[in-house]
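Below: one structure, written as structure tokens.
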Amino acid sequence: MMRKPLMAGNWKMYKTSAETQAFFEAFKPMVADATHGDIVICPPFPSLAAAVEEARGSNIEVGAQNLYWGGEGAVTGEVSGYMLQAAGCRYVIVGHSERRQYFGEKEADVLRKTRAALEYRMTPIVCVGERLEDRESNTTEAVLAGQFDGGLAPLTPEEFAKVVIAYEPIWAIGTGKTATPAIAGDVHRFLRSGVALKFGHTQAAATRILYGGSVKPDNVKSLMAEEDIDGALVGGASLDPKSFAAIVRY
Ligand code: PGA
């Protein structure tokens, strides 16, 4: 069973196109010989073109942070999978907790967006994760099961086979509080067993599950040592070329 590691940088609302260009110029040579895994950078929409241009011919793929379902239409302020694919995106983050918290995205949205990403041949990185109060009230597994059942389980096996899952405990995002490798490993095992129940053991062994939440150069190795952690979705530490390169090369 071989799952190729995947390190994805989620830049959130940071970096103009000029800053994106500068990042890539520094970052590319630092990871040019890192062939053991996939490397993805997800800049904000206006910087996608610069990122795609810079990533051309390199071992780096570009992803978006969100999408709307449908191809074109009267939907002010939204960007579709059709447009992202045409712009050169190969990945897209779906259901990030910041989208769920600030923009009220629900499981049904996650499902529609995941399907839209697949329709336009991008790999959706679908985020799940519990809040601090869920963890404190011992409902972490119920919350994650609800997110999985609503956002991922309705996919066909063919659709699900192309999905990457990211486990991001909300209490660990941008807080400097990383889940310990043991906590994250437990959740990843739980998620993988859910995948096995719904889509079978072969699929469960193949599905990549990333960890996200304060991943840094100094904790990535211990997280990646967990058998069920297949990569990382990195916010803050992906903004600096040196630090993200250290994570990629863990
Ligand atoms: P962080 O963000 O690495 O800054 O905690 C991770 C994420 O939100 O994807």
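Things worth noting here:
- Members of region 229-245 found to be crowded, with 18+ Cβ neighbours inside 10 Å and either away from the ligand (no atom under 14 Å from the Cβ) or among the aliphatic types (A, V, I, L, M) (or both), listed by number: ILE229, ASP230, ALA232, LEU233, VAL234, ALA237, PRO241, ALA245
- Odd one out for ASN66 among (1) part of a loop (DSSP other than H, G, I, E, B); (2) more than 14 Å from the ligand (Cβ to nearest atom): (2)
- Within region 1-35, the set of residues being small (Gly, Ala, Ser) and within 21 Å of the chain's Cα centre (by Cα) comprises ALA8, GLY9, ALA34.
- Flag for LYS4 being loosely packed, with under 13 Cβ neighbours inside 10 Å and touching a residue at least 60 places away in the same chain (Cβ under 8 Å): yes
- Among the residues of region 188-218, those that are buried (at least 19 other Cβ atoms within 10 Å of the Cβ), within 15 Å of the ligand (Cβ to nearest atom) and of a type outside the set (Gly, Ala, Ser) comprise ILE209, LEU210, TYR211, VAL215.
- Scan of region 57-99 for residues that are among the basic types (Lys, Arg) and either touching a residue at least 40 places away in the same chain (Cβ under 8 Å) or crowded, with 21+ Cβ neighbours inside 10 Å (or both), ordered by number: ARG90
Residue-by-condition table, conditions (1) closer than 19 Å to PHE148 by Cα; (2) outside any strand (DSSP E or B); (3) touching a Ser or Thr at 6+ places or on another chain (Cβ under 6 Å); (4) without any contact (Cβ under 8 Å) to a residue 60 or more places away in the chain:
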{"residue": "ILE183", "(1), (2), (3), (4)": "yes, yes, no, yes"}
{"residue": "HIS188", "(1), (2), (3), (4)": "yes, yes, no, yes"}
{"residue": "ALA204", "(1), (2), (3), (4)": "yes, yes, no, yes"}
{"residue": "LEU210", "(1), (2), (3), (4)": "yes, no, no, no"}
{"residue": "GLU227", "(1), (2), (3), (4)": "no, yes, no, yes"}
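- Residue check for THR175: among the polar types (S, T, N, Q), away from the ligand (no atom under 15 Å from the Cβ), in contact (Cβ under 8 Å) with a residue 24 or more places away in the chain and over 19 Å from ARG208 (Cβ atoms): no
- Residue check, ALA117 within 16 Å of the ligand (Cβ to nearest atom), at pLDDT 95 or above and small (Gly, Ala, Ser): no
- Only one entry in GLU159, GLU136 is of a type outside the set (Gly, Ala, Ser), free of Cβ contacts under 8 Å to residues at least 24 places away in the same chain and more than 16 Å from the ligand (Cβ to nearest atom), namely GLU136.
- Subset of region 121-152 (residues that are aliphatic (A, V, I, L, M), at pLDDT 95 or above and more than 23 Å from ALA8 (Cβ to Cβ)): ALA142, ALA145
- Search result, residues across region 201-229 that are closer than 26 Å to LYS15 by Cβ and out of contact with any helix residue (DSSP H, G or I) (no Cβ under 7 Å at 6 or more places or on another chain): ARG208, LEU210, GLY212, ASP218, ASN219, MET224
- Matching residues in region 110-129 - criterion: being crowded, with 21+ Cβ neighbours inside 10 Å and part of a loop (DSSP other than H, G, I, E, B): MET122, GLY129
- Within region 19-43, considering residues that are farther than 27 Å from ILE229 by Cβ and without any contact (Cβ under 8 Å) to a residue 12 or more places away in the chain, the one surrounded by the fewest Cβ atoms within 10 Å (Cβ to Cβ): PRO29
- Of note, THR180 satisfies the criterion of being away from the ligand (no atom under 14 Å from the Cβ), among the polar types (S, T, N, Q) and surrounded by fewer than 18 Cβ atoms within 10 Å (Cβ to Cβ).
The values are calculated or read from the model by the stated rules, or taken from the named source; none is laboratory data. Everything numeric here is computed off the predicted structure, so don't read it as measured data. Reconstructed Cβ throughout: ideal geometry from the backbone, glycine too, with neighbour counts over all protein chains shown.
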